[in-house]
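Scroll down for the structure; my scribbles are underneath it.
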Amino acid sequence: MTEPELDLAAVGIGPFNLALAALADEVPELRFAAFDRRPAYDWHPGLMFDWASLQVSFLADLVSLVRPTSRWSFLNYLAEHDRMYPFYIAERFHVPRREYTDYCAWAAARLPGCHFGTDVTEVAWDADAERWRLTLVEVATGAVRHRTARHLVLGVGTEPVLPEPLRRLAGDRVLHSGDYLRRIDALAEAGVREVTVVGSGQSGGEVFLDLLRRQRQAGWAVSWLTRSWGFAPLDYSKLVLEYTTPAYMRYFNALPPATRDRLIASQWQLYKGIDTETIDLIHQELYDHLLDGDRPPVTLLPATGVRDAAATADGGVRLTTWHADTEQEGARETGAVIAATGYAARRPDCLAPVEKLIAWDEQGRYDVSEGHRVATVPEVTGGLFVQNAELHTHGAAAPDLGIGAYRSALILNAVADREVFRVPRATAFQTFGPVPGS
């Protein structure tokens, strides 16, 4: 039996396409489905520390910044779990990361449009029908089926990035921070005597802190390297936060590509720094290290990048480093490396059949409009949208959870060809463009 045509199909179910599914659930006439190969919702399990908090407000949930009365709001999740009064008394603006993940999993398990265990292996454009055609494979059975959709949105997330010197050694002793909690026990059991963290974003800070807290039991030395000038905080001052609002996102999208790339490089503290709470916890742990007096050494090296890496005879890693200020080369040997070196948008394999129908920029990235629609050749009349793959066209707001509901509302309004959701218009006090001439 042929399955009904969809108005909108979504590939991937992370926080952003989950926000799309939650808002789509409030549009009963919209035929929507989202697909993910994983058996159930999960979010950064390799970094799910019990003590870590979300870096944005609980209002940056799936729906509240667009539809606060939705049954898929974080506050309704609390009510259904009978935690409203404890949450009220706790006065926590930034909720535990594991609680936010459980909230998302709660929504994902109940939203009728979410289909897990279903891999989208191929996307094609049917020119005659003017529809996207998705090839779906049920992971558990291998059964193949097809769905058609007028519009398509990609929310496949980002993938871990290892710098080339470390990529060659990826394995038991060189791993990305995204795998940290899954593999750190094995390093302890192997008797690793020193662990080196490379990278000073939030993930690097959390991994370094966790290594320090394990130090008494594991007995390892800990080193932390960053090529940045220092272990710098995220800039969460109020007017700077306006650079993650829709107002700045619209302004940023209208700038020339070269200007956008320059700004992204200069605005790294909007999305690559460490929150001040984590920095304070790290400093507290380092002070306790002084009081203990008998712990293995801890070394922090700012302005120090990794230029090369090689395996040592005992299974460890020899790092060739470069100091940015003195321009001197150095060398360090360590038992293992945790690379907190970030993530990058990825082009999903399922797009291979339609790659030539998509407009790519000079660096092979999507050409994305203000409304998050990817430019395609004229004969593709169906919309192709992306979520969290447009840092280069929309700025630091693109990966921010606080933009999820807004972006999803824009996409759904475009699909419905009407304002199904009223989107916020006054989102910043600042005027980001030039002052109009009098």
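The values are calculated or read from the model by the stated rules, or taken from the named source; none is laboratory data. Quick caveat: nothing in here was measured; it's all calculated off a predicted structure. Positions of Cβ are backbone-derived with ideal geometry, glycine not excepted, and every protein chain shown enters the neighbour counts. Surface areas here come from the heavy atoms of the whole protein model, side chains and all, with no ligands, DNA or RNA. Shrake-Rupley method; radii C 1.70, N 1.55, O 1.52, S 1.80 Å.
For the chain, what is the accessible area per residue in Å², given a 1.4 Å probe and the full set of protein chains? Walk me through the numbers on the way to the answer.
On the way: 21020 Å² over 438 residues.
Value returned for the chain: 48 Å² of accessible area per residue.
Taking +1 at the Cβ of each Lys and Arg and -1 at the Cβ of each Asp and Glu, which of Tyr248, Ser266, Ser223 sits farthest along the dipole of the range 207-270 towards its positive end, judged by Cα position relative to the Cα centre?
Ser223
Taking all protein chains together and a probe of 1.4 Å, list Leu401, Leu20 from the most accessible to the least accessible. Walk me through the numbers on the way to the answer.
On the way: Leu401 25, Leu20 0 Å².
Of Leu401, Leu20, the descending order of accessible area is Leu401, Leu20.
Test of understanding: in a Gaussian network model of the chain with alpha carbons linked when under 10 Å, which of Ala33, Ala21, Ala186 would top the mean-square fluctuation ranking?
Ala186
Pick from Gln217, Gln269, Gln363: which residue has the top mean-square fluctuation in a GNM of the chain where Cα pairs under 10 Å get a spring?
So, out of Gln217, Gln269, Gln363, the one fluctuating most is Gln363.
Taking θ as phi - 60°, what are the ³J(HN,Hα) couplings along the range 155-165 by the Karplus curve (6.51, -1.76, 1.60), each to the nearest whole Hz, with x for Gly and Pro?
x, 8, x, 10, 10, x, 10, 10, x, 3, x
Pull out a ≥ b ≥ c, the square roots of the eigenvalues of the alpha-carbon gyration tensor of the range 42-117, then state rounded if a/c is under 1.5, prolate if not and a/b is larger than b/c, and oblate in the remaining case. Walk me through the intermediate numbers first.
Values: a/c = 1.67, a/b = 1.09, b/c = 1.52.
Cα axes put the range 42-117 in the oblate bin.
Can you give the Kirkwood hydrodynamic radius of the range 61-105 from its Cα pairs, in Å with one decimal? Please report the intermediate quantities before stating the final value.
Details: mean 1/r = 0.0920 Å⁻¹.
Evaluated over the range 61-105, this radius sits at 10.9 Å.
With only Lys, Arg, Asp and Glu charged, each at its Cβ (+1 for the first two, -1 for the last two), find how big the charge dipole of the chain is about the Cα centre; round to the nearest 20 debye. Don't skip to the end; give the middle numbers.
Numbers: 43 positive and 57 negative charges, 56 e Å.
Its charge dipole is roughly 260 debye.
Indicate the gyration tensor shape class of the range 334-418 (rounded, prolate or oblate), computed on the Cα atoms with a ≥ b ≥ c the square roots of the eigenvalues: a/c under 1.5 is rounded; otherwise a/b larger than b/c is prolate and the rest oblate.
oblate
Considering the dipole of the range 64-213 built from charges on the beta carbon (Lys and Arg +1, Asp and Glu -1) around the Cα centre, which of Met84, Pro112, Leu175 is farthest to its positive end?
Farthest towards the positive pole: Met84.
Spelling out what I want: for every residue of the range 83-96, take phi, set θ = phi - 60°, compute 6.51 cos²θ - 1.76 cosθ + 1.60 (Karplus), and round to whole Hz; glycine and proline get x.
10, 5, 5, x, 5, 4, 6, 5, 6, 9, 6, 9, 7, x
How large is log10 of I(q)/I(0) for the range 59-173 at q = 0.12, 0.19 Å⁻¹ when the intensity is taken from the Debye formula with one equal scatterer per alpha-carbon?
Result of the Debye calculation: -0.75, -1.05.
Can you give the calculated 222 nm mean residue ellipticity of the chain, where each DSSP H run of n ≥ 4 adds -39,500 (n - 2.57) and the sum is split over every residue, rounded to the nearest 500 deg cm²/dmol? Mind showing how you got there, number by number?
Working: 13 runs with 125 residues, N = 438.
Helix contribution divided over all residues of the chain: -8500 deg cm²/dmol.
I want to verify a result. In a Gaussian network model of the chain, Cα cutoff 10 Å, which of these has the top mean-square fluctuation: Ala352, Ala397, Ala149?
Answer for the Gaussian network model of the chain: Ala352.
Once you compute Rg and the Kirkwood Rh from C-alpha atoms, what is the Rg to Rh ratio for the chain? Mind dumping the intermediate values first?
On the way: Rg = 23.1 Å, Rh = 23.6 Å.
Taking Rg over the Kirkwood Rh, I get 0.98.
Starting from the Cα gyration tensor of the range 1-145, multiply each eigenvalue by 5, take the square root, and state the resulting semi-axes largest first in whole Å.
On the way: eigenvalues 209, 60, 29 Å².
Taking √(5λ) for each Cα gyration eigenvalue gives 32, 17, 12 Å.
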